[in-house]
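Here is the structure we will look at, set down as structure tokens.
The values are calculated or read from the model by the stated rules, or taken from the named source; none is laboratory data. None of the values given here were measured: they were computed from a predicted structure. Backbone-built Cβ (ideal geometry, glycine too); neighbour counts: all protein chains shown. When the accessible area is computed, the model is the full protein with side chains, heavy atoms only, and any ligands, DNA or RNA have been set aside. Shrake-Rupley method; radii C 1.70, N 1.55, O 1.52, S 1.80 Å.
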Amino acid sequence: MSKFIIQGQAKLSGEIEVKGAKNAALKIIPAAILSREKITIYNMPNIEDTDRALELMEELGAEIKRTNATVEIQIKELSKNGISEKTSGKFRASIMFAAPILARAGEVKFPHPGGCVLGAATRPIDLFLDGFRAMGAEVKEKEDHYHIKAKKLNGCEYFFTTVTVTGTEAMMMAAILAEGNTVLKNCAMEPEIPVLAEYLNRQGARIIGAGTPTIKIEGVKEIKAGKFNIIPDRIETGTFAILAAATKSEIKITNCNPSHIESLLSIFTKQGIKFETGEDWLRIMPPKNITPYNIKTHEYPGFPTDLQSPYTVLATQANGSSLIHETIYERRLLFTDMLAQMGADIIMCDPHRVVINGPSKLYGRKLTSPDLRAGITMIIAALIAEGETEIDNIYQIDRGYEDIDGRLRALGADIKRIGTLL
Ligand code: EPU
């Protein structure tokens with residue numbers, strides 16, 4: 001197994017490029033199942049999660065051609081309607097395959113999707129199942145898998161009782177080839193959703209309102225070939241911005257869309273962290289003093305849960321106390337234990353809230369990455385810390401950040417990858 005060895009406190013500066021958005025790629029790949037024609041995807045991030053998604057497409061009968069960041073996918077015939085335990089266990093986004101397989105084959109079988117520690121029992125799929133039922137599907141919950149059948153899906157009116165990103169995208173995909181009209185209410189509004197809708201519309205789908213709480217879809221018989229340019233990863237953008245501020249470095253972040261992290265940048269302004277933005281770049285200036293600020297995670301355009309863990313490291317470097325309130329996931333503050341081991345002053349109030357008293361000096365430690373976002377957070381903490389940090393289980397980091405060590409070394413970081421791949 002590979003690990004990262006990081007010597008902290010190296011001076012960082014320069015430019016870092018943002019790659020294509022993982023959470024856009026993981027929807028656009030299975031969306032290719034909805035058409036028999038060729039789909040070309042540009043700016044595909046080269047990460048473990050997209051590799052798993054493309055492997056799953058091959059298992060389903062897709063022909064795939066990959067040249068650098070461009071991937072062509074065509075699935076003339078769907079060779080099976082099931083998702084294997086082996087693939088599904090590795091990444092939660094395998095749930096995104098259920099709706100397009102169901103829409104195209106009239107049937108789908110899949111086990112409970114896995115992934116990181118956040119992917120276990122704490123990440124239910126009840127709203128997907130409920131949504132499919134609302135479209136007329138028969139859902140059987142067996143001991144070790146789900147079996148969903150619908151000769152044809154029917155348009156419906158569906159209200160999401162909890163705002164869910166993948167749930168919104170799954171229902172949007174299911175409704176494209178359904179008979180009649182669908183109205184989805186209380187939808188998620190993350191930027192990956194309207195870009196998925198615009199792309200599917202270019203293929204012939206009829207979706208309006210994506211990016212607002214109400215999405216209307218008029219079912220069509222088929223959708224055609226398509227080309228899709230994956231938007232820059234807004235979580236990478238925010239993570240690199242936090243990395244720059246927390247290590248007090250001047251870093252220019254390129255190939256990004258700063259408007260997608262407005263919540264973070266508004267907070268930076270309140271914290272005295274200066275930055276400049278262009279249409280597709282963002283430069284963070286080294287802050288002298290970081291004013292503490294309380295954050296509460298929220299659905300888009302609020303503060304993203306995926307930036308909560310990196311932000312928590314920034315809070316350890318602020319002058320005073322910050323309250324971090326995680327509202328989306330139960331287990332996303334457990335990693336703060338590792339920050340405490342590194343020397344951070346952290347009080348866990350309850351599973352959803354921690355208070356961080358800064359500034360703290362951090363020290364290198366031996367750590368294990370529990371999930372993707374906590375993993376990148378360990379790297380940021382290690383770059384601030386005095387001494388050496390060893391981070392194990394870096395598959396979790398490679399799931400979502402392409403060549404993270406290479407890109408950080410280019411900024412001056414002392415980070416080495418050792419050991420073999422899984
Ligand atoms: N929920 C249910 N039932 C469901 C689905 C979700 O109760 O059937 C609940 C969840 O338990 C959670 C809340 O709804 O409390 C919101 O979760 P959501 O469904 O929005 O999360 P997701 O769609 O599974 C996506 C991203 C996550 C990101 C969240 C929130 C993808 C592949 N994943 O997950 O990304 O944290 O939205 O923005 O798009 C990551 O990239 O590290 C990551 C975890």
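Can you give the percent of C-alpha pairs in the chain whose distance is more than 36 Å? Don't jump to the answer; show the numbers that get you there.
Values: 22279 of 88831 pairs.
The proportion of pairs with Cα distances above 36 Å equals 25 percent.
Any chance you could run the full-extension gain for R202 through E63? It's 0.36 nm times the residue separation minus the Cα-Cα distance, nm to one decimal.
Gain on extension, R202 to E63, equals 47.9 nm.
Of the beta bridges DSSP finds with both residues in the chain, what % are antiparallel, to the nearest 5?
Values: 51 of 74 bridges.
Counting DSSP beta bridges with both partners in the chain, the antiparallel share is about 70 percent.
Just P301, P258, P292 to compare: in a GNM of the chain, with alpha carbon springs under 10 Å, which one fluctuates most?
P301
If the cut-off is a Cα-Cα distance under 16 Å, which lysines reach K3, setting aside same-chain residues fewer than 8 apart in sequence?
Reachable lysines: K366, K416.
Over all directions, the average projected area of the alpha-carbon convex hull for segment 201-337 comes to how many nm²?
Its average projected convex-hull area is 10.3 nm².
With θ set to phi - 60° and the Karplus curve 6.51 cos²θ - 1.76 cosθ + 1.60, what are the ³J(HN,Hα) couplings of segment 354-364 in order, to the nearest whole Hz, using x for Gly and Pro?
With coefficients 6.51, -1.76 and 1.60, one gets 10, 10, 10, 9, x, x, 10, 7, 9, 10, x Hz.
What's the ranking of 139-152, 95-108, 200-213 by average number of surrounding C-beta atoms within 10 Å, highest first? Write out the running numbers ahead of the final one.
Working: 139-152: 13.7, 95-108: 23.0, 200-213: 18.2.
Going by the mean number of other Cβ atoms within 10 Å, highest first, we get 95-108, 200-213, 139-152.
Where q = 0.13, 0.14, 0.18, 0.23 Å⁻¹, what log10 of I(q)/I(0) comes from the Debye formula for segment 154-263, counting one point per Cα?
Summing over Cα pairs of segment 154-263 leads to -0.57, -0.63, -0.87, -1.18.
Where both partners of a DSSP beta bridge lie in segment 22-229, what percent of those bridges are antiparallel, to the nearest 5? Before the final figure, lay out each step's value.
Values: 23 of 34 bridges.
Around 70 percent of the beta bridges assigned by DSSP in segment 22-229 are antiparallel ones.
Enumerate the aspartates and glutamates that K288 could reach by cross-link, defined here as Cα to Cα under 20 Å, with residues fewer than 8 away along the same chain left out.
E250, E276, E386
Tally up the carbon and sulfur contribution to the accessible surface of segment 22-229 as a whole percent, 1.4 Å probe, everything protein left in place.
Numbers: 3930 of 8370 Å².
For segment 22-229, the apolar C and S fraction of the accessible surface comes to 47 percent.
Holding the Cα-Cα limit at 21 Å, pick out from K109/K151; K90/K152; K86/K109; K90/K296 the pairs that are longer than that. Could the numbers behind the result be given before it?
Details: K109/K151 14 Å; K90/K152 30 Å; K86/K109 13 Å; K90/K296 29 Å.
Exceeds cut-off: K90/K152; K90/K296.
Which of I347, I273, I223 moves the most in a Gaussian network model of the chain with Cα springs under 10 Å?
I347
With every protein chain present, what accessible area does E218 have (1.4 Å probe, heavy atoms only), rounded to the nearest 10 Å²?
Near enough 80 Å² of accessible area.
At 222 nm, what value in deg cm²/dmol follows for the chain if DSSP H runs of at least 4 each add -39500 (n - 2.57) and the sum is divided by all its residues, to the nearest 500? Could you put the intermediate results ahead of the total?
Numbers: 14 runs with 127 residues, N = 422.
Taking each H run of at least 4 residues, the total per residue is -8500 deg cm²/dmol.
How many Å² of accessible area per residue for segment 170-255, probe 1.4 Å? Don't jump to the answer; show the numbers that get you there.
Values: 2900 Å² over 86 residues.
Ligands and nucleic acids excluded, the figure is 34 Å² per residue.
Can you give me the relative contact order of segment 257-312 as a percent, contacts being Cα pairs under 8 Å and 6 or more apart? If you can, show how the numbers build up before the last one.
Details: 54 pairs, mean separation 17.0, N = 56.
It rounds to 30 percent for segment 257-312.
Can you tell me the FRET efficiency between K274 and E72 if r is taken as the Cβ-Cβ distance and R0 is 56 Å, rounded to the nearest 0.05? Can you show the working numbers first?
Working: r = 43 Å, r/R0 = 0.77.
Using R0 = 56 Å, I get an efficiency of 0.85.
Counting only heavy atoms of protein chains, what accessible area per residue, in Å², does segment 1-125 have with a probe of 1.4 Å? All intermediate terms of the calculation are to be shown ahead of the outcome.
Values: 4560 Å² over 125 residues.
The answer is 36 Å² per residue.
Relative contact order (percent) for the chain, with alpha-carbon contacts under 8 angstrom and 6 or more residues of separation?
21
Give the Rg/Rh ratio for segment 22-229, taking Rg as the radius of gyration of the Cα atoms and Rh as the Kirkwood radius, to two decimals. Mind dumping the intermediate values first?
Numbers: Rg = 15.3 Å, Rh = 16.7 Å.
In segment 22-229, Rg relative to Rh is 0.92.
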